[in-house]
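Colleague: Take this structure, written in structure tokens, and hold onto it; I'll ask about it next.
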Amino acid sequence: MRSLFVIIFSLCFFISDASVFGIKIKGGVQRLMDTVVDVIVADRNEENAENRAYNGTGFIIYEDGYIVTNWHVIDSSEQIKVVTSDDNEYIAKVIGKDEHYDVALLKIDLDQNVKLPAVKFADSDKIEVSDPVITIGNPFGLGKTVTAGIISCKGRNLSGQISELGENGHLVSYIQTDAAVNYGNSGGPLFSENGEVIGMITVFVSDGLRSTGINFAIPSNILQKVINQLKTFGKMERSWLGISTRRMPKEASKLLIGSNVGYYVTNINEKSPAMSTGIKVGDIILSVNGEVISENTNMEYLLNNLPIGEVIPIQIMRDGNKRMLSITVKAYNDEDISFVDDEDNVGKDIPFEKIDGLDLGLTNITRELREIFKISSHENGVLVSFVGSSLIDDIGVGNLIKKVNQFEIKNLNDMKSAMYAAFKDNKRGDKIVLYVQDPLLRKSSYIVVKCDKNKIMKGHKTAKKVSKKTAVQKREAER
């Protein structure tokens, strides 16, 4: 207990000064503390009908009583209590909330002529790694606590990396900081040394109860957009083009577009605005609404934050050529989204042909094969019927090869010609890029395949001679 008192006393000592752990805060720290509130949530446990209190943090964004916090702090709550810096308690009502961005907007009723101290927002696009920051929160319900650190990373994509975010880690490019953050800090502000909000703490990494110094904040520029929509509509509208994308393997991206980072279209929704634009599955996206795809691009965030209702340009690469398309951005609606049920791949002994130098067995698509592997009538390509041991982890039986080095193929002859054309250029070495689709799962990917270049070149020339000889024999027979 004594050690806890020492910690709190030390924090209070630093808080009273204009310098926190060596960081000089413009205008002092007390004025920032006055903008931060404790959020206490009462939740009813259905099993024993007992009320349990949960603690979080929020901060005042408008002087007439608007407060922002995390969605996960107030979700499923029966009552939300807000405690301001002068120890006044208020019952807050929810104006709007969004699970995907993890943001909730609250409002408390104030007496006439009462105004609360509100934060000022900074441009989060202008922050730099190593910039000093401080956080103010309510860890473990102790009350306002100040911690300090630096920006460890900006533009962090947490898709699939943080379990607490579920499937929503791709919607925000987060600010990462090493300031000490614990349970109860959620929803608290991340301040710059100028005393302006550059983000809101939303998730942290811990080993049990201790902070590990890895924390993530929603950038202020994104946060303000969400707040404005929650205040106006009570919900957040995300943009929707109706395309799914996937990041290309670096080697494939380098070979096809000369960049380490590339994204390609894996699926197009039939009801989507993208369907009528001419964009196709397999197209490589080069830019969206003027933003060039680069190492720092968070594609999911970019596609979910486009101007709704506007026509935007999207540049793609297909067959090695760049094309500019126009697409009207629509608001996301769950009813528009259709999902494909996963099914196990079907296997069957199918006659196949092997291209000498490539460890695959390939077959032209027939009506029977379309039924077996659920290949629609408008899909073309070459069916993979056998996979050698060198490629077994990259491609599967039943997959459809639709492109070789971005050039569309319809049959085996197209594929042989495309491979020969690829290796005719010595600069390409011994690798080609195949665009492969699983018709059952509707999943597609670019795969880099190593081939025996000499065998492929020799096989093509031999086939050409045989073809020429057959044609001569046919003409002689006709005489």
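Colleague: Go through the stretch 144-174 and report how many residues are at pLDDT 85 or above and not in a strand (DSSP E or B).
Modeller: Qualifying residue count for the region: 1.
Colleague: Only one residue in 316, 268 is more than 19 Å from the chain's Cα centre (by Cα) and more than 14 Å from residue 331 (Cβ to Cβ), so which one is that? Walk me through it before giving the result.
Modeller: Details: 268 fails: more than 19 Å from the chain's Cα centre (by Cα).
Every option except 316 fails the conditions.
Colleague: Please work out which residue is surrounded by the fewest Cβ atoms within 10 Å (Cβ to Cβ), limiting yourself to the stretch 97-108 and to residues that are modelled with pLDDT under 95 and farther than 16 Å from residue 201 by Cβ.
Modeller: This residue is 99.
Colleague: Now a separate question. Is it the case that residue 204 is under 30 Å from residue 35 (Cβ atoms), part of a strand (DSSP E or B), free of Cβ contacts under 8 Å to residues at least 40 places away in the same chain and more than 17 Å from the chain's Cα centre (by Cα)?
Modeller: Here the answer is yes, as residue 204 does meet what is asked.
Colleague: Moving on. Going through the stretch 245-278 one residue at a time, which ones are within 21 Å of residue 404 (Cβ to Cβ), part of a loop (DSSP other than H, G, I, E, B) and hydroxyl-bearing (Ser, Thr, Tyr)?
Modeller: Within the stretch 245-278, 259 is the sole residue that qualifies.
The rows are residues; the columns are (1) of a type in the set (S, T, N, Q); (2) under 29 Å from residue 304 (Cα atoms); (3) touching a Ser or Thr at 6+ places or on another chain (Cβ under 8 Å); (4) in the same structural domain as residue 26 (by TED's automatic domain parsing).
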{"position": "89", "(1), (2), (3), (4)": "no, no, no, yes"}
{"position": "95", "(1), (2), (3), (4)": "no, yes, no, yes"}
{"position": "108", "(1), (2), (3), (4)": "no, no, no, yes"}
{"position": "114", "(1), (2), (3), (4)": "no, no, no, yes"}
{"position": "123", "(1), (2), (3), (4)": "no, yes, yes, yes"}
{"position": "131", "(1), (2), (3), (4)": "no, yes, yes, yes"}
{"position": "134", "(1), (2), (3), (4)": "no, no, yes, yes"}
{"position": "139", "(1), (2), (3), (4)": "no, no, yes, yes"}
{"position": "142", "(1), (2), (3), (4)": "no, no, no, yes"}
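Colleague: Quick check on this structure: which one of 257, 308, 316 is at pLDDT 90 or above and outside the structural domain of residue 404 (by TED's automatic domain parsing)?
Modeller: Working: 257 fails: at pLDDT 90 or above; 308 fails: at pLDDT 90 or above.
Among 257, 308, 316, only 316 is at pLDDT 90 or above and outside the structural domain of residue 404 (by TED's automatic domain parsing).
Colleague: Something else now. Which residues, taken from the stretch 178-200, are of a type outside the set (Gly, Ala, Ser) and either modelled with pLDDT under 95 or assigned to a loop (DSSP other than H, G, I, E, B) (or both)?
Modeller: Correct list: 178, 181, 182, 183, 185, 193, 194, 196.
Colleague: Also: State which residue is farthest from residue 383 (Cα to Cα) when the search covers only the stretch 399-421 and only residues that are over 33 Å from the mean Cα position of the chain (by Cα) and hydrophobic (A, V, I, L, M, F, W, C).
Modeller: 421
Colleague: Determine, yes or no, whether residue 277 is over 19 Å from the mean Cα position of the chain (by Cα), farther than 24 Å from residue 58 by Cβ, buried (at least 18 other Cβ atoms within 10 Å of the Cβ) and in contact (Cβ under 8 Å) with a residue 40 or more places away in the chain.
Modeller: yes
The values are calculated or read from the model by the stated rules, or taken from the named source; none is laboratory data. Since this is a predicted model, take the numbers as computed values, not measurements. Note that we place each Cβ from the backbone using ideal geometry, even for glycine, and neighbour counts take in every protein chain shown.
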